[in-house]
Structure formats: structure tokens, C-alpha cells
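Values quoted throughout were computed directly from the atomic coordinates according to the rules given, and no laboratory measurement underlies them. Every value quoted in this text rests on a predicted model; they were computed, and no experiment measured them. When we count neighbours, we look across all protein chains shown, and the Cβ atoms used for this are built from the backbone with ideal geometry, even at glycine.
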Amino acid sequence: MKLGGDNRGGIALSHNLPHMIGSSAAFRNVLRQVGLVAPTEETVLIEGETGTGKEVIAGAIHGLSPRSGRPLLKLNCAAIPSGLLESELFGHERGAFTGALTQRIGRFESADQGTLFLDEIGDIPLDLQPKLLRVLQEQEFERLGSNRTLQCNVRIVAATNRNLSRMVAEGKFRADLYYRLSIFPIHLPPLRHRRDDVPALIRHFVEAYAQRMNKQIDVIPQATIDAIQRHDWPGNIRQLQNFIARAVILTSGAVLEAPLSELQRVEDNVASEPTTLEEAERSHILRILSETNGRLAPAAKILGMPRTTLFYKVRRLGIDLTRTEVGQWRGASALPVDRPVSVMA
Ligand SMILES: Nc1ncnc2c1ncn2[C@@H]1O[C@H](COP(=O)(O)OP(=O)(O)OP(=O)(O)O)[C@@H](O)[C@H]1O
Ligand SMILES: [Mg+2]
């Protein structure tokens, strides 16, 4: 399976991948990273707010990998009581603990030769983290209640909407596991940082829900698109998707009737106050870049960091250097963020 694309970042995804909408530079940059890492055996850490598409991207990484013919198993670490997580991951022998009436195969064994998607990895208890690190590094583990060491060949894709580096600083996540997991981090930008993708997403969801509900909707009013595009969507694509589902239910004719009063209008230039350190960092970098017309070298000087570090941050934060939210240096001859990246921090 192949991920093709031209030098300007056009991406053609294989037909049997989940349908992914998005042509903003920030999203193309994500797809480019997916295309780079998917064929390797490396662990991938997908970070992003809730509803940004982390699971969809995990599916794409597996689908574009040489393991695509093998299973992609998913385990939501937040959904399993912490006492049961170890047995869920590594399995157990009969009698290993009270209630272990039969032997059980864990996910690492079931996913052998395939991919294991560890969702909400930030919720994995501290005492279990060394065991996970061991299986990542040595590809070996024991079932609970057994001394026999088992080998496995599993590729790990992990996802989180928590700030793992902050959790490391707070002693809530082991640094060694964090560094092992974040060999290749992919940051999914929130929808409010890629508003360009909103119209296509609206069309996609209107078509999908109209078909499912057997309705014929031919027109999406421009004012509806504008209002939706201005909104901040804290629940990201999932929230937008549910909003459109509601709109399609409410529509009786050929024109989409979206419940726009639900949306709080957000003025173009008044981005919501940053709430996390990462958002504050992003908005500060954007402000400085707008002062330098998108040029990295002078911006790096003002920010007091090497240009390569700024480039890495820009890429990681999904900042679109050719067309940003601030929009002040549109068309400036800045380095496009979706070029193949040769600089890693
Ligand atoms: N690029 C995309 N194009 C179309 N639909 C998308 C895209 N990304 C995500 N979606 C849809 O948005 C919804 C949320 O995606 P997903 O479950 O992958 O998000 P998530 O980041 O894993 O969320 P959470 O953190 O809450 O688990 C899904 O219904 C998914 O199909
Ligand atoms: Mg998810």
C-alpha cells in the first residue's frame, strides 16, 4: 500500500483507508508524517484534543503499514479498571489471582505480528508502566501467574489527549516510557487551528447523514458554513459531526437547517484564551511570526531559540506557515511546513 503525494503536499490515500477529510496545510502535514512513519516498525504517539481524529489516524498508520493484513487491536487504557489492565495486556494463567478461573490470552499475544492501539495511554497506572516499557523494548513479557517468558512482535501506536510531558514533570508518568513512546510523536491540531477544513467536513457529514436518514439535502447556506467555521469546536470533529447529524434531523426540505443559535459566535481575530501551556506557546509563536511576516530566522531570534528548534515547534504545533489563522503573511516566501522535514529536535 502506498501513500503518494506531490511536493506541494497533495496526498492520495489508499482506497481502503478510513475516509479522512482535510486539505489544510496543518492536516496535510499530519498525513505526511503518517506516510513517513507508517511503513516503519516504530512506535507512534498520537497526541491531540478529544475528537481530533486520533483513532482515525491510528487506523491509517496500520492500514499503510506492512502489517495491514494482520489485526489492529485496540485497548482503551482508561476504560479498564486499573487492577485488570495488566491481565488485559499480558494475559494470565488459571488461578493467577482470585477470580482467574481460566487461562486468558492478553492483547500483546493476540496482536502478535499486528498492531496494538493503546488509547488513552496517559491513564496507564504508574506501577504497570515498567512492564509496558519492557515489552516495548525487549518484545517479551510473562502472563500473570507464569514464569515463562513469551516473545511477541507487536507494533504499538499509542494515543492520548493528556499532556504527557507535563505528567512526566509532575511524576505521574515515567520519563523512560514517555521517551520510548514518543520516538515519533504526531500532534493532531484542534479544529480551530485548521478552520480551512471545516467546509469540506460539513459537506462530508451532511452527505453521510442525509444518505443514512434517507433525505435529499442539496443546499448548505453560506451563512451556515461561515457560522460553523467561526465556532471554536472544543469537542473538535466529533462535536461538529454530532452537530451536523442534529442539523440533518431538523431539516425537512432541501436546504440544511442547522441550529446555529447553539453556536457561540467567535470573531475571526479573537481566538479563545489559551488554556494550556501548549496553546499559549502556539499563540505566542503565531504572534511573533506575524511580526516577522512568517520568516523563521528573525522569529527564532526574537524568541531566543535556534531556528531548527522553532522549525520543530512549528511542525509539532501544526502551524501553517503559508496560510495562518493570523493570515498576515499569506503568500510570503516562508518555508512551507509540509515539505519533507529534515530537522528533528
Ligand atoms: N479527517 C477526518 N475526516 C472525517 N472524519 C473524521 C476525521 N477525523 C476524525 N473524524 C471523525 O471524527 C470522530 C472522532 O474521531 P476519533 O474517534 O478518531 O477522535 P479521537 O481523537 O480518537 O477522540 P477521543 O480523544 O475523544 O478518543 C469520528 O467519528 C471520526 O470518524
Ligand atoms: Mg479516541
When each of Lys74/Lys131; Lys172/Lys313; Lys54/Lys131; Lys74/Lys313 is checked by Cα-Cα distance, pairs over 28 Å: Lys74/Lys313
Taking all pairs of distinct alpha-carbon atoms in the stretch 126-207, Kirkwood radius in angstrom: 15.9
Local net charge near Ala96, Cβ-Cβ under 12 Å (Lys/Arg +1, Asp/Glu -1): 0
Alpha-carbon centroid distance for the pair the stretch 138-171 / the stretch 279-308, whole angstrom: 36
q = 0.16 Å⁻¹: log10 I(q)/I(0) that the Debye formula gives for the stretch 151-294, counting C-alpha atoms only: -0.96
Point-to-point label distance, Glu262-Ala245, nm (Cα→Cβ direction, 7 Å offset): 1.1
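Just to confirm a number: summing +1 for Lys and Arg and -1 for Asp and Glu over residues other than Gln139 whose beta-carbon lies under 11 angstrom from that of Gln139, what do you get?
Overall, the nearby charge balance is -2.
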Calculated FRET value between Lys172 and His284, using beta carbons and R₀ = 25 Å, to 0.05: 0.45
Net charge contributed by nearby residues that have their C-beta within less than 13 Å of Asp119 (K/R +1, D/E -1): -1
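Show me 107-120, 84-97, 160-173 ranked by packing, highest mean number of other Cβ atoms within 10 Å first.
Going by the mean number of other Cβ atoms within 10 Å, highest first, we get 107-120, 84-97, 160-173.
About the Cα centre of the stretch 79-128, how large is the charge dipole given +1 on each Lys and Arg Cβ and -1 on each Asp and Glu Cβ? Please answer in debye to the nearest 20.
240
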